[in-house]
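What follows is a single structure, written as structure tokens, with notes after it.
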Amino acid sequence: MAFWSSSLLPLLGLLSLFFLHPFSTSSSVHAIRLGAVVRRPSPDVPIFREAPAFRNGDACGTRDADRIHVSMTLDANYLRGTMAAALSILQHSTCPENLSFHFLSAQHVPEIVSRIQATFPYLNFRVYRFDSNRVRGKISKSIRQALDQPLNYARIYLADILPANVRRVIYLDSDLVMVDDISNLWGVDLGDKVVAAPEYCHANFTKYFTDEFWSSPEMAKTFKGRSPCYFNTGVMVVDVDRWRKGGYTQKVEEWMAVQKQNRIYDLGSLPPFLLVLAGNIKAVDHRWNQHGLGGDNLEGKCRNLHPGPISLLHWSGKGKPWLRLDSRKPCAVDHLWAPYDLYRSSRVSLEE
């Protein structure tokens, strides 16, 4: 599996200046110069302010065992959210230098990699190429187009993509911010479970599957012997070793194949996870996923915070805080995301 290390970024940036085609020549976009070569920032890749450096506390260890692995996806449309999420994680971590970020990208876009390096000069990260062809023939149309993007399914293949020495990882969506020390989530005892996540047993579990699923005696007995509850796959602690040994990627893919033949659910990558794991995960406190802040999957209406303590705010649903803030029609909860926004307009002059 190909990856790009942050240590290679200066070389990548230099090569891209010579081998990539020029971008827009609009006068509102400022050029980045290197000698006589001029390259203009892509209008599709946002520009960000440099984040402050975050350093370890005195009690932080330096062993490999002290490292915390975090995985997120990289997409130009969600990059602003990814940057805000990374900033929030670093800012609230006691040991930020112990964090390793593993970004999954469907395309090799050196400019996105360069943006991360410029925004977080001290960040320990790698970017891995996710081959969209692995899922193109397996994806079924859902109720919202954004849920059908191949990269939305990359989390299924984490065990195949990450290096063998990564034995546990926290997978996070790009539309969230963390307001607690991530080590408190990392330290959850999974016991014999492969996934830990906040689960919601008060939700109507049956609504995640179609009548065709429940009317089939063979499929309806899928959950026999378990007490299935909804959980959101945008916040998960995954035992990568157990995932590999248990063949969970193949188990999820098998349900995706069933979906292609029989319409058994309407959402994207969530239902096959539920079919395989619901009722058999380690439940963690709801404070780690104050979810649904983006509203429903169709209209994205404003929602209020749920009562109780909060460690993570998650704008799951259609509405994203950066889009609502830019439109000057924000929801009240969007102002909780704004302090972590590192975005700056491309009209701002770039230092040469």
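Quick notes
- Candidates 275, 342, filtered to the one that is hydrophobic (A, V, I, L, M, F, W, C), under 30 Å from residue 45 (Cβ atoms) and crowded, with 17+ Cβ neighbours inside 10 Å: 342
- Some residue of the stretch 214-225 being modelled with pLDDT under 95, surrounded by fewer than 21 Cβ atoms within 10 Å (Cβ to Cβ) and closer than 18 Å to residue 199 by Cα: yes
- Considering the conditions (1) open to solvent by less than 30 Å² (accessible area, probe 1.4 Å); (2) modelled with pLDDT under 95; (3) within 28 Å of residue 294 (Cβ to Cβ); (4) of a type in the set (A, V, I, L, M), residue 195 is excluded by exactly one of them, (2).
- A search for C-beta distances below 7 Å between a residue of the stretch 191-206 that is farther than 16 Å from residue 311 by Cα and among the small types (Gly, Ala, Ser) and any residue that is open to solvent by 40 Å² or more (accessible area, probe 1.4 Å) and outside any loop (DSSP other than H, G, I, E, B), counting only pairs 6+ apart in sequence or on different chains, returns 191/282.
- Any hit, the stretch 267-290, residues being of a type in the set (D, E, K, R), farther than 14 Å from residue 199 by Cα and touching a residue at least 60 places away in the same chain (Cβ under 8 Å): no
- The set of residues in the stretch 304-324 being farther than 19 Å from residue 173 by Cα and modelled with pLDDT under 95 consists of 304, 306, 307, 308.
- Residue count for the stretch 253-271, restricted to those that are among the small types (Gly, Ala, Ser) and open to solvent by 10 Å² or more (accessible area, probe 1.4 Å): 1
- For the stretch 328-339, the set of residues classified as free of Cβ contacts under 8 Å to residues at least 60 places away in the same chain, open to solvent by 20 Å² or more (accessible area, probe 1.4 Å) and part of a helix (DSSP H, G or I) consists of 332, 335, 338, 339, listed by residue number.
- For the stretch 253-293, the set of residues classified as farther than 13 Å from residue 219 by Cα and hydroxyl-bearing (Ser, Thr, Tyr) consists of 269 only.
- Only listed residue being in contact with a strand residue (DSSP E or B) (Cβ under 6 Å, 6 or more places away or on another chain) and within 26 Å of residue 237 (Cα to Cα), chosen from 313, 274: 313
The values are calculated or read from the model by the stated rules, or taken from the named source; none is laboratory data. These numbers were taken from a predicted model, which means no experiment stands behind them. Reconstructed Cβ throughout: ideal geometry from the backbone, glycine too, with neighbour counts over all protein chains shown. SASA here: full protein model, heavy atoms, side chains in, ligands and nucleic acids out. Shrake-Rupley method; radii C 1.70, N 1.55, O 1.52, S 1.80 Å.
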